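Please read the structure below before turning to the comments.
The values are calculated or read from the model by the stated rules, or taken from the named source; none is laboratory data. This is a predicted model, so every value here is computed, not measured. Positions of Cβ are generated from backbone atoms using ideal geometry, with glycine treated the same way; all protein chains shown enter the neighbour counts.
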Amino acid sequence: MKNKNINIPLFWKFAITSTIIVTIFGSINIYLLWTSVYKSFEQEIDKRCKVLSRIISEKAVTPMVYEDKLRLYSILDDIKNSDPSISYIFILNNTNELVAQTYDIKIPKNLLQVNSLNSNKYNIKVIYTDNYKHAVIRDIAYPILNGEIGTVRLGIVEEHIQQEIKDATKNLVLMIIAFFLFGLAGALAFSYMITSPIKKISRKAQIIDLNNIDTEDNISYKQGLRLFRIQISDELDILTTKFSEMLNRLKKNYLKLKETQDALIQAEKLASLGTLSAGVAHEINNPISGIKNCVNRIMKKPENIEQNVKYTILIKEAAEKIESVVHHLLSFSRKQDLKLQKVTLSRVIDSAILLTKYKLESNQIQLIANYQSNFYVKGSANHLEQVFVNLIINSLDAILERKKKEPDLRGEISIKINRISDRVYVHFKDNGMGIPDEIKDKIFDPFFTAKEVGKGTGLGLSVSFNLIKEHKGKIFFSSIRGVHTEFVIELPCYKNSDQ
């Protein structure tokens, strides 16, 4: 099962992580602070209950001794009216009989029994009711004269406490949310500060074009913070500076590499010219011999106008042939920039065959060219011709090597072109000696050659490989030792949109 690769930008990693951390710590703070506030409120309410109950118990001693119920009722009502959180107040005697209560409510009987003194000391209890107007009440039983004459029962409404806690919690939550928002904004700003230069470096690294690296601009990034004439920098500033320095070094090294590559291409081209020099000399020598012969005939019979006209025409044809050979030779040897444009592939191959024709014929090697249709590619005719010449010479050398072992061998080189979709394939096949298995992975290495000393520079296939790569193409081969070798060059077709 193929693993899915999800790309999350660094900025969002920082932002999400910061948000999670702020949320977790904010939630923990809310819980801890709410618990602390609730406990504080409970303690405060319990303290208030004890204070109110003690006041009532102290004031109720005299009326209870003299059985002044009217005074008792008045005391209870005054205290209840002074605090809206009080639900009820009533007094029980030492036999737990109801003595007095606040006027505004009726005390249920079961409420009388739910709380009592604990060893003649006060006791606070939370009561949950079903048939009372308040569902939750904090009830305190407080002794009068240490419980000798009775008990004060006071109920504080729990909802009132809850409302106070909610109000406090609401303010607390608003503070936490404000903290969360400021923290999140700070996290996002911090994330942007960190990821912005990294993103610029990443984007720059992805779009660097080595072919146009000399025109590439460095990253523009504000270096550090200047404060009171002091330059404050961090690791991001150093990273950006070092990347720009690396880009400058890359520019210089690539330009040097390009110069070296151009020199190697020219060196390989001149080496090929040396190999083809005999054929070029033959192509020039034959017309020169013809010209000399014609001149001698004219000099013997200068009065023969008809003869002179005939020989003059032959001299002109011979001179044009020499001019064509020299022009083609100069065009091939001249150092040219690699500019991709519309190229007729068959014409380039014909030019390569013309340069190698004499060497092939003198070694009795047949070359079969099979490309009836015109195929157009986007490339440089001069550089493609150099590749084709190199492949033909390599095939010729491979056939001569096999002929040493098989003198009766009829050497043959075939060239054909075919097109598949938007790619054109040029096939060079020979029946030469083939490539040994142990060197097949080395033949495109610079300066590697399997030829005899003095017969090869080791640059031909390496240069050809790089030239085809510059054409956005590929070159690959198959070979059987002692049988044949076939090189295939794949090139992109020329499209009208390439203009």
Inset, instruction - Consider only pairs whose beta carbons are under 7 Å apart and that are at least six residues apart or on different chains; among these, list those whose first residue lies in segment 471-497 and is over 16 Å from Asp441 (Cα atoms) and whose second residue is among the acidic types (Asp, Glu) and part of a strand (DSSP E or B). - result: Gly473/Glu490; His484/Asp430
Legend entry - Residues being assigned to a helix (DSSP H, G or I), modelled with pLDDT under 70 and among the basic types (Lys, Arg) - total across segment 279-334: 1
Inset, instruction - Sort out for me the strands (runs of 3 or more DSSP E) sitting completely within segment 355-455 that have 2 or more residues that are outside the structural domain of Leu467 (by TED's automatic domain parsing) and surrounded by 15 or more Cβ atoms within 10 Å (Cβ to Cβ). - result: none
Legend entry - Set Ile149, Ile144, Ile124: member being in contact with a helix residue (DSSP H, G or I) (Cβ under 7 Å, 6 or more places away or on another chain), within 25 Å of Phe41 (Cβ to Cβ) and surrounded by 12 or more Cβ atoms within 10 Å (Cβ to Cβ): Ile124
Legend entry - Those residues of segment 82-126 which are at pLDDT below 85 and of a type in the set (A, V, I, L, M, F, W, C), in sequence order: Ile105, Ile107, Leu111, Leu112
Inset, instruction - Restrict the check to segment 167-180 and report whether at least one residue is out of contact with any Cys (no Cβ under 9 Å at 6 or more places or on another chain), over 30 Å from Ala15 (Cα atoms) and surrounded by 13 or more Cβ atoms within 10 Å (Cβ to Cβ). - result: yes
Inset, instruction - Would you be able to say whether some residue in segment 424-431 is out of contact with any Leu (no Cβ under 7 Å at 6 or more places or on another chain) and at pLDDT below 90? - result: no
